[in-house]
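To keep things clear, I will list the structure first and then write my remarks on it.
The values are calculated or read from the model by the stated rules, or taken from the named source; none is laboratory data. Note that the structure is predicted; figures quoted are calculated from it, not measured. Methodologically, a virtual Cβ is constructed for each residue, glycine included, from the backbone with ideal geometry; neighbour enumeration extends over all protein chains shown.
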Amino acid sequence: MFVTLLCLAASASDSLPFRLGEKLTFDVRYEFVKAGVATLEVKEITQCGSRSTCFRVVSEARSTMPFSLVFEVKDRVESFIHVDSLYTLRYVKTLKEGNYEAYETVDFDQVRHTATYPDGEVIEVPARVQDVLSSLYYIRAMDLEVGRSIFINNHADEKNYALEVNVLRIEEIKVPAGTYECYVLEPILRASGIFQHKGRLTVWISTDPSRIPVMMKSKILIGSINAVLTDTKID
């Protein structure tokens, strides 16, 4: 079974910008102070349900000292992404941010167009819906063009959202991992909720075939938080 999964994933990932074993590491900065470390990793190939083969993508973020003394963060988010269609089939998040803790699992049925929660609640969702993490990998696999907008159906926290991603421009930026020519993207939600900011969320994705997320900047109520690429690894 494991060999079969690898063969299926290999054939599907030949045309994708990411692959099994990719791990990206970021410094997370609050204004000019290093606040933590985050990783994005294509962890494994696994079976979702009886027929679907998935990438299990894991995002982790942890605060570092001395920032942890003020506000400790231990977040882990997992997305199970169909290897061919790149839509989400399962989403798991475990958050610890200061005194706030949350755990959530959502199973998506892309045939019946439903999202099912552990308490049995079933919510109707749009076709080819994405979760927060799978959206990033879906965008990486798309043809990006300056001036063109991408529209994605998104689901989080028991709600459906219309996500528009504007491709603003191309610019070269230098980060600890190197110098990259990047598309500059601005995600905008057409409803309140996740990704809602008092300012702007901006994402830099490399223009090369790997389409690596190089930097993310998010305005918050007080100041801004930046995630800057420090290391790339592909097994």
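Quick notes on this one:
- Residues of region 11-30 classified as over 14 Å from C54 (Cβ atoms) and modelled with pLDDT under 80, total: 2
- Reported count of residues in region 45-57, each being at pLDDT 95 or above and surrounded by fewer than 18 Cβ atoms within 10 Å (Cβ to Cβ), is 0.
- Region 135-172, subset buried (at least 16 other Cβ atoms within 10 Å of the Cβ) and among the β-branched types (V, I, T), residue farthest from the chain's Cα centre (by Cα): V167
- In region 114-167, the qualifying residues are those that are in contact (Cβ under 8 Å) with a residue 40 or more places away in the chain and of a type in the set (V, I, T), and the one that is nearest to V184 (Cα to Cα) is I139.
- Verdict on L86 being crowded, with 17+ Cβ neighbours inside 10 Å and either basic (K, R) or on the phi > 0 side of the Ramachandran plot (or both): yes
- Summed over region 93-109, residues that are in a strand (DSSP E or B) and more than 12 Å from A156 (Cα to Cα) total 9.
- Single match in V33, V122, V111, V70 (criterion: more than 26 Å from D235 (Cα to Cα), surrounded by fewer than 16 Cβ atoms within 10 Å (Cβ to Cβ) and touching a helix residue (DSSP H, G or I) at 6+ places or on another chain (Cβ under 8 Å)): V33
- Within region 74-83, being of a type in the set (D, E, K, R) and either farther than 11 Å from R56 by Cβ or buried (at least 21 other Cβ atoms within 10 Å of the Cβ) (or both) holds for K74, D75, R76.
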